[in-house]
Structure formats: C-alpha cells, structure tokens
Amino acid sequence: MTIRHRILKGVPVSAGIVMGRSKVILPGDIRVSEFAIPVHRVKGEIAALESAVAETIAELRHLQETAGRRIGGPVAKIFDAQLLIAGDYEFLNKVKKQISEKRRNAGYIYNSLIQNTTLPLKKSTDPYMRQMTQDIEAVSKRVLSHLSGYQGKSVVRFPTDTILVGRIFTPGEVLSYRNRTAVGFVAGEGGKN
C-alpha cells in the first residue's frame with residue numbers, strides 16, 4: 001500500500017498543525033419530490049412543517065448551548081442567525097399559504113421558496129449576502145431532513161484522527177464532526193468567519 005502525502009495551502013482559521021487520514025465529505029442534497037395533496041391533507045402537511053421547524057429549532061438551540069460550553073459565547077452566536085432563519089414567521093406563513101393554495105407537499109413548497117430566496121443572494125456581489133445563503137441552506141437542509149424522515153440516516157463514519165475535506169462545512173456540521181473526533185477540516189469555500 002502506497003501512502004501519498006499532499007500539502008495543502010490556504011487561509012488558516014485557527015493555529016496549529018494536525019496529521020491524520022483525510023476523508024472527503026460530499027454534499028448530501030436531500031431530494032424533494034413534488035406531489036399533489038388532497039384538501040383534507042393540507043392541515044397535516046402544515047402540521048408536519050411546523051413539527052420539522054420545531055425540531056430544527058431545538059437542534060440549533062442544542063448546538064448553540066454546546067458551542068457556548070465548549071468554545072465560548074462568540075462562537076455560539078453563529079447560531080443566532082440560523083435560529084432567526086428557522087423561525088422566520090413571515091416566511092413560514094408564506095409556505096403555509098402556498099401549501100393551502102397550490103395543494104402541494106410541504107417539503108416541495110418549502111424547498112421552492114428557499115430556492116427563490118437564495119438565488120439572488122448567491123448572485124450578489126456582497127460577500128455578506130453570499131455568506132447568508134450558507135446559513136439559509138444549512139437551516140433548510142435540517143427542516144427538509146425532518147420533513148422527509150431522512151434525519152440521522154446519513155451519519156458519516158470515520159476513525160479518530162481524521163481530517164475532513166469538503167466544499168463547505170456549516171458551524172453545526174463542524175461541531176457535530178468535532179464531537180465525533182475529527183481533528184481538522186479543509187474547506188474549498190469560506191473564510192475565517
């Protein structure tokens with residue numbers, strides 16, 4: 001077995017050097033199907049959406065508390081924006097209204113409205129606005145996971161002392177992977193914040 005060594009250069013987020021095996025983490029997009037729902041299922045779809053949002057908010061609060069205890073208050077504040085996004089009353093009312101009017105499943109409507117929201121942000125020349133899409137997508141991925149019953153079925157397994165390599169890692173993913181003994185991260189996108 002030949003071991004290949006590779007040195008990567010970039011912008012460090014924290015000081016230090018780690019050594020270990022690398023594991024590439026591919027983005028796990030959740031497939032959202034569109035299907036018509038009869039009138040009598042509209043309330044059920046709205047209830048499923050509310051439940052998924054409540055579970056997402058509970059997860060984000062847990063991550064925020066964990067980050068506060070382990071790393072410190074400033075890092076925990078990262079989750080403030082995600083909590084605001086998850087509980088956005090006006091956006092959720094828009095989703096519920098479209099579920100009722102279009103009689104389509106909650107996941108499809110939610111995902112469609114998220115895509116409509118993030119598309120102009122992704123094209124923005126303002127780096128802060130582009131960064132906002134990452135928070136919105138991180139929250140929507142959690143909500144859609146709960147809606148589809150996908151939550152927890154795609155746990156990435158890796159040995160201790162693993163360096164994870166991916167396009168991007170959300171703050172929640174970093175905390176989750178660190179809890180499972182990842183020693184370092186290499187991301188293709190993002191910066192110190």
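The values are calculated or read from the model by the stated rules, or taken from the named source; none is laboratory data. All of these numbers come straight from a predicted model, not from anything done at the bench. Counting neighbours? That spans all protein chains shown, and the Cβs are built from the backbone with ideal geometry, glycine included.
Summary table
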{"item": "Residues within the range 59-83 that are of a type in the set (A, V, I, L, M, F, W, C) and either at pLDDT 95 or above or under 14 Å from Ala138 (Cα atoms) (or both), tallied", "result": "6"}
{"item": "Flag for Glu65 being surrounded by fewer than 18 Cβ atoms within 10 Å (Cβ to Cβ), free of Cβ contacts under 8 Å to residues at least 60 places away in the same chain and within 27 Å of Ile37 (Cα to Cα)", "result": "no"}
{"item": "Of the criteria (1) at pLDDT 95 or above; (2) part of a loop (DSSP other than H, G, I, E, B), which one Gly44 fails", "result": "(2)"}
